[in-house]
1. Sequence-distant or interchain residues sharing an amide H contact under 5 Å with Val197, placed H: which?
2. Please identify every one of the chymotrypsin sites (Phe, Trp or Tyr not before Pro) in the stretch 1-91 that sits in a loop by DSSP and has no more than 16 other beta carbons within 10 Å of its own beta carbon.
3. What size of dipole, in debye to the nearest 20, comes out for the stretch 41-84 about its Cα centre when the only charges are +1 on Lys and Arg C-beta atoms and -1 on Asp and Glu C-beta atoms?
4. Enumerate the amide H contacts of Gly141 below 5 Å, restricted to partners 5 or more residues apart or on another chain; note that Pro and chain-start residues carry no placed amide H.
5. Helix-derived [θ] at 222 nm for the chain: sum -39500 (n - 2.57) over DSSP H runs of at least 4, divide by residue count, nearest 500?
6. Cα to Cα, under 28 Å, and not fewer than 8 places away if on the same chain: which lysines meet these conditions relative to Lys348?
7. Starting with the fewest neighbours, write out Thr182, Thr398 ranked by other beta-carbon atoms found within 10 Å of each beta-carbon.
8. How many angstrom separate the Cα center of the stretch 279-319 from the Cα center of the stretch 108-177?
Amino acid sequence: MAGVTEELIGRLEALKMVCDKLAFPIALKHDTVSIKEAFGMRLAREVKSPEPFPSFSRSLRDGYAVRSADVIGASTSSPVFLKKCGTIPMGRLTDESLPKEGAMQIFTGGILPQNSDAVVMLEDTEESGPWIEIRKSVMPGENVILKGEEVKSGDIVGSPGELLDFRNVPAIAGLGVDRIDTVGLNIGILSTGDEIVDIGAQSVPPGCVRDVNSTMLQLMLKSYGYRSTFLGIVPDDLEMLEMAVKNALPENDVVILSGGSSVSSRDFCLEVMENLDAPGLIVRGVNMRPGKPTLIGGIKEKAKLIISLPGHPLSCAIVARVILVPLLDIMIGGMELYEKNFMPVKMKCLDDFIGTSGIEEYVPVILRTDGVLPVNSKSGYISALRGTAGLGMLPINTETLRKGEEIGVILW
Ligand SMILES: Nc1nc2c(c(=O)[nH]1)N[C@H]1C(S)=C(S)[C@@H](COP(=O)(O)OP(=O)(O)OC[C@H]3O[C@@H](n4cnc5c(N)ncnc54)[C@H](O)[C@@H]3O)O[C@H]1N2
Ligand code: MOO
């Protein structure tokens with residue numbers, strides 16, 4: 001009989017077994033791209049800063065550059081008078097040096113003169129003839145940012161496997177790094193099922209459904225930094241599925257199938273995986289809900305991963321988040337990268353999370369300021385993830401988690 005058996009293994013055990021049998025992480029292929037085009041990709045190699053940041057010590061405020069030691073104890077009732085020693089020009093290198101008990105006018109972003117270690121804000125000063133009245137003391141480093149204070153030349157500013165987004169791309173580009181190496185993993189997606197029609201179909205014959213899964217998979221993978229190609233819909237036919245996988249393998253490091261992984265006579269993914277070169281099928285069903293009929297296999301020598309996800313759209317999305325994305329992370333960065341990225345965050349249950357002992361379960365959650373609410377759904381739903389923040393995880397030996405208890409949440 002096709003499909004899964006009772007020999008289900010735990011999700012983490014399955015990930016470790018695949019990592020071991022396919023000798024992950026693989027030797028990564030990479031694409032060298034301009035940093036400006038790298039948004040939404042994964043870094044393939046460490047990036048070191050070629051220069052310090054900032055590249056010169058500068059003021060964070062409009063005011064007067066001083067030596068902090070000269071203004072100790074300055075206050076409105078007991079001001080300190082410093083000699084006005086000119087103005088620092090903006091955007092130009094100056095070798096101006098601040099004399100003892102002197103103050104130089106400086107603007108936000110101006111180069112800090114030699115011997116100065118702080119800036120007094122304009123509103124805490126008063127100009128009186130050749131003197132500047134200082135009404136507030138400043139600590140060394142106050143209102144200034146010193147050369148190399150944030151980043152030293154040679155500091156690591158990007159790590160392998162890191163997702164390139166608004167949080168790190170501007171900094172890497174701002175340090176003068178122009179080209180970087182991104183992970184060059186190719187992923188092909190095949191939807192299976194006689195009843196599946198293109199997602200753009202306007203009229204759908206009775207008994208057929210639009211292909212929601214391939215679009216969801218492409219979008220989810222993109223948000224985690226993995227590019228993918230949709231390779232089409234394959235009918236429930238062993239030969240056609242085998243041919244489609246065979247055609248997909250040379251171009252793709254990963255082939256994802258959706259549907260056809262369960263136990264019926266029209267579910268052929270298992271047979272396709274069993275017929276692959278070694279090790280072929282590795283995982284035949286995972287002890288999790290939803291997602292039990294997940295199949296994982298691959299070809300070690302060619303560094304290929306093949307995964308068959310459940311057809312039900314919600315199951316497909318949940319398995320993609322908790323098995324597929326982790327496997328891709330393991331493929332490029334080993335278990336270390338998985339552990340870095342897969343981190344349940346403890347949150348308060350604002351309602352009961354109904355579960356069963358003996359199986360790991362995942363429930364979509366809505367975020368509130370004081371905790372999370374479960375979204376009641378069925379595996380065949382397509383809109384249950386709308387507005388959710390992630391997936392609440394009921395560990396294998398946990399039954400229902402009651403309102404007020406804590407649940408680990410895997411954020412999207
Ligand atoms: N007798 C049993 N039946 C089922 C079992 C079981 O243990 N015993 N497991 C159930 C579970 S759990 C799941 S999950 C599904 C998985 O089935 P398949 O992976 O074989 O998927 P299909 O049967 O092909 O499809 C299931 C369902 O999803 C729809 N579908 C499929 N592909 C798409 C797509 N690309 N976009 C939108 N919807 C899709 C399909 O039409 C079916 O309605 O099996 C249970 N059955
Ligand atoms: O395991 Mo299925 O994925 O519950 O619907």
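Readers should treat all values here as calculations from the given coordinates under stated rules, not as data from a laboratory. Worth saying up front: this structure is predicted, and the values here are computed from it rather than measured. Reconstructed Cβ throughout: ideal geometry from the backbone, glycine too, with neighbour counts over all protein chains shown.
1. The answer is Val209, Arg210, Asp211.
2. Within the stretch 1-91, the qualifying chymotrypsin sites (Phe, Trp or Tyr not before Pro) (loop, at most 16 other Cβ atoms within 10 Å) are Phe39, Phe56.
3. Values: 8 positive and 4 negative charges, 22 e Å.
For this selection, approximately 100 debye.
4. Close amide H contacts, sequence-distant or interchain: Ala118.
5. Working: 7 runs with 70 residues, N = 412.
The helix-only estimate for the chain comes to -5000 deg cm²/dmol at 222 nm.
6. Lys292, Lys340, Lys378, Lys403
7. Details: Thr182 22, Thr398 19.
Ordered by Cβ neighbours within 10 Å, fewest first: Thr398, Thr182.
8. So the separation of the two Cα centres works out to 50 Å.
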